[in-house]
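The values are calculated or read from the model by the stated rules, or taken from the named source; none is laboratory data. Computed from a predicted model, the values in this text were never measured in an experiment. Counting neighbours? That spans all protein chains shown, and the Cβs are built from the backbone with ideal geometry, glycine included. Heads up: the accessible areas ignore ligands, DNA and RNA and are worked out on the full protein's heavy atoms, side chains in. Shrake-Rupley method; radii C 1.70, N 1.55, O 1.52, S 1.80 Å.
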Protein chains: 4
Amino acid sequence: MTEGIGSVREGDSVRGTGQGAGQGAGQTRAKRADARRNEKALLDAAAAVFVASGVEAPVREIAARAGVGTGTIYRHFPTRADLIIAVFRHQVDACAEAGPRLLATGESPYVALTKWIDLFVDFVVTKHGLAAVLRSDSAGMDTLGAYFLDRLLPVCTDLLDAAVTSGEIRDGVEAYELMRGVGNLCIGADNDPRYDARRLVGLLVAGLRQPR
Amino acid sequence: MTEGIGSVREGDSVRGTGQGAGQGAGQTRAKRADARRNEKALLDAAAAVFVASGVEAPVREIAARAGVGTGTIYRHFPTRADLIIAVFRHQVDACAEAGPRLLATGESPYVALTKWIDLFVDFVVTKHGLAAVLRSDSAGMDTLGAYFLDRLLPVCTDLLDAAVTSGEIRDGVEAYELMRGVGNLCIGADNDPRYDARRLVGLLVAGLRQPR
Amino acid sequence: MTEGIGSVREGDSVRGTGQGAGQGAGQTRAKRADARRNEKALLDAAAAVFVASGVEAPVREIAARAGVGTGTIYRHFPTRADLIIAVFRHQVDACAEAGPRLLATGESPYVALTKWIDLFVDFVVTKHGLAAVLRSDSAGMDTLGAYFLDRLLPVCTDLLDAAVTSGEIRDGVEAYELMRGVGNLCIGADNDPRYDARRLVGLLVAGLRQPR
Amino acid sequence: MTEGIGSVREGDSVRGTGQGAGQGAGQTRAKRADARRNEKALLDAAAAVFVASGVEAPVREIAARAGVGTGTIYRHFPTRADLIIAVFRHQVDACAEAGPRLLATGESPYVALTKWIDLFVDFVVTKHGLAAVLRSDSAGMDTLGAYFLDRLLPVCTDLLDAAVTSGEIRDGVEAYELMRGVGNLCIGADNDPRYDARRLVGLLVAGLRQPR
DNA sequence: TATGAATGAGTGTTCATTCAT
DNA sequence: GATGAATGAACACTCATTCAT
């Protein structure tokens, strides 16, 4: 990511309570502050635990780290996928938004594609086990993959199309497949000093240039 | 694999009990035969279950399928990795042996490398969940990766070196990294019709050709 | 019940806050009105939920339906039994009052008894799970049974005594036992098309007629 | 019950392993003895706990009482209904078998019916909470009711038919309804000194005699 | 040696109840 | 007073692993 987001910002609930302005003394605000503080703690804790023990870490572990009861987690994030999504929401969003920006730079579409994918790899690689869980077929985890895909696929498609149009890369590779492939290459990239996901992704993208 | 290995041959224990000849009628001999038969059944059952439910299938399921008790499995294969290794031993061996053969064909080293990797991909992709478990950091599963690597890395290195020497591919990519990458690309390739691991691996290998 | 009581009237708190008149504009008065309105909503919601999910429905469900917080429920009705009693108070009262009325009709006491019990059965059978909870020995639920009994037992006793006196039924059956029995026969009467509580209760009451 | 069955006999598994004769030294026998001993302990413990805490008592409580792990319970009785059925199997069987016997006595069918129902009441009343759970609509508990019904309904039907044929009782009451009713009357009969289920059931059956 | 019964830690999930706001 | 967020005990259920027979 362009901006190094280490911790999670407040208000990152899955349910985007997009009530932008106005911080009047509305009576409902009171609890909201409390809850929001808690949700923040939860997301931070989850992020930390995800790094330490992977995104499939026991609910209890996350709760303990956040200093809350397990019920609190279920209140805020009914599903594990909800929690994961909330934790990574900003990064995914940032990544999605970076696509058009890169395309508008004036650089060649292929270069934009390359840089965008680097961004994606940076994001995924640093999240222990995220890449793996994106592939997990555990029930409910599909929601997670769906979210990522929904958000990023259109962006990737645009980049890909542009690069095809500019004649820089071959035709015939779907964004879905590419992103899955890149995601897969990121698995296990942390804690393995002999494995550099970025380099391999570089090869993969380089492979796109090959003429038929 | 060149040869379609459907079932597992006898005597495929991890601990190569290489006591080939001699089948006297001593009672110990008899037991030996019994045990070997059992191990055979076990490996066949495990192979079948691995295909059906993945390599992380419950021990009981395998035991049931083999018609033995769970204890028997633990006796023969103390660790799950041991079992997996035993099940796939032949394929890994066949794959390892195919490397030099391909190199000796007279084809260009790059073509040989390509074909060899195709072989590997064919093997891995058809084993439900194998690719994933090769990356799993569950305790003990590292043994599994180690085995695969021990066996295949030298072969891959030779192919890679030859292709570098022949000037067909760029330098600087380790066999370890390449194999891990290819393995990763195979994850989730079954049961996802929109994802073709072979094509992506093709791109990856094509990427190697790029000049620096 | 004779009168179809669908909703609950205001002021039906367990603790009969019998402060009838006077609605000065003092702030405490205002609150009172507020609270009463709230209690009313609560009782209606509870009645609805009891029908839909039984009298053991989660507190949250009732609170949600009433549009109040769970805490509010606990404030008004410290115990679940209190809530149930409040919800059914009117019906129980109506039933209690119907006894003397029936007895005064001029019909034979036995007929009056029969009709009264029919009334009771109608009431209980239509309250999903009420009969069952009347028998539940969950802590605190005894209060509930006690309330029903306190209210209805004297009435039943009178009817019974009259019928004994008139020589229509045998002696020796207590009102307590009879009411418990009738209540029991009502359990599970809804959602079981093959089970008609009224018919069985009819048999039971008919049995009373038998000479010793 | 005729025979006062206090504890549970061995081999009362749900899955009637009806391999009657032959207690040779078959190799499979060995464990069986162990397991059977355990199952016996389990059933006794369950019976005790059912009395103490009802048939919905926590699995752990039963396991603890039996001195086994919870897994053991699940091994023997996958479902709670299985366990309950196993616990009460003998009594249900004995009750079922008593029906024809009573009918063959030479007594009038009505008397036979009365005695049979007394038997049933004796059985149910002494099992704390059994009657209640027979009415529970908790998922899976229907199996339990089904078992009781399957076993006892035919018997009851025969008795009922006979009494109708002999002209002793009125027509038009199904065995299903009658048994449900009797079962219901047994709810809460223990621990309530003022409630005598037998007497009420007597009234119910007496009610059958009434001419239309 | 083989068996498979027993174990029990581990996990997700629900819900009554309390209490800070 | 009202709110509803937080709590955490309670429970069912799974499965890897051990060990008596």
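Scanning the range B:64-95 for residues that are polar (S, T, N, Q) and farther than 14 Å from B:Glu39 by Cα turns up B:Thr79, B:Gln91.
Checked against (1) more than 7 Å from chain B (Cβ to nearest Cβ); (2) buried (at least 23 other Cβ atoms within 10 Å of the Cβ), A:Leu185 meets all criteria but (1).
If you go through the range D:111-154 and pick out every residue that is within 14 Å of chain C (Cβ to nearest Cβ), of a type in the set (S, T, N, Q) and surrounded by fewer than 17 Cβ atoms within 10 Å (Cβ to Cβ), you end up with 1.
Out of all the residues in the range C:192-201, which are touching a residue at least 12 places away in the same chain (Cβ under 8 Å) and either more than 7 Å from chain D (Cβ to nearest Cβ) or of a type in the set (S, T, N, Q) (or both)? Steps first, please.
In the first step, residues of the range C:192-201 are kept if they are touching a residue at least 12 places away in the same chain (Cβ under 8 Å); the result is C:197-198, C:200-201.
The answer is C:Ala197, C:Arg198, C:Val201.
Mind listing whichever residues of the range A:155-182 are over 17 Å from A:Gly99 (Cα atoms), more than 9 Å from every other protein chain (Cβ to nearest Cβ) and open to solvent by less than 20 Å² (accessible area, probe 1.4 Å)? Correct list: A:Ile169 only. I'd like to check something: does the range B:167-178 contain any residue that is out of contact with any Lys or Arg (no Cβ under 8 Å at 6 or more places or on another chain) and modelled with pLDDT of 95 or more? Yes, the range B:167-178 contains at least one residue that is out of contact with any Lys or Arg (no Cβ under 8 Å at 6 or more places or on another chain) and modelled with pLDDT of 95 or more. Just name the residue that is most open to solvent (accessible area, probe 1.4 Å) out of those in the range D:71-98 that are in contact (Cβ under 8 Å) with a residue 24 or more places away in the chain and outside any helix (DSSP H, G or I). Ranking the candidates gives D:Thr79 first.
The residues on offer are C:Asp137, C:Asp44, C:Asp82, and the sole one that is of a type in the set (Asp, Glu), more than 12 Å from DNA strand E (Cβ to nearest atom) and under 27 Å from D:Asn184 (Cβ atoms) is C:Asp137. Taking the condition of being part of a helix (DSSP H, G or I), within 13 Å of DNA strand F (Cβ to nearest atom) and open to solvent by 70 Å² or more (accessible area, probe 1.4 Å), how many residues in the range A:33-70 meet it? Count: 6. Taking the range C:154-179 as the range and being charged (D, E, K, R) and either free of Cβ contacts under 8 Å to residues at least 40 places away in the same chain or more than 15 Å from C:Ile117 (Cα to Cα) (or both) as the test, the residues that pass are C:Asp161, C:Glu168, C:Arg170, C:Asp171, C:Glu174, C:Glu177.
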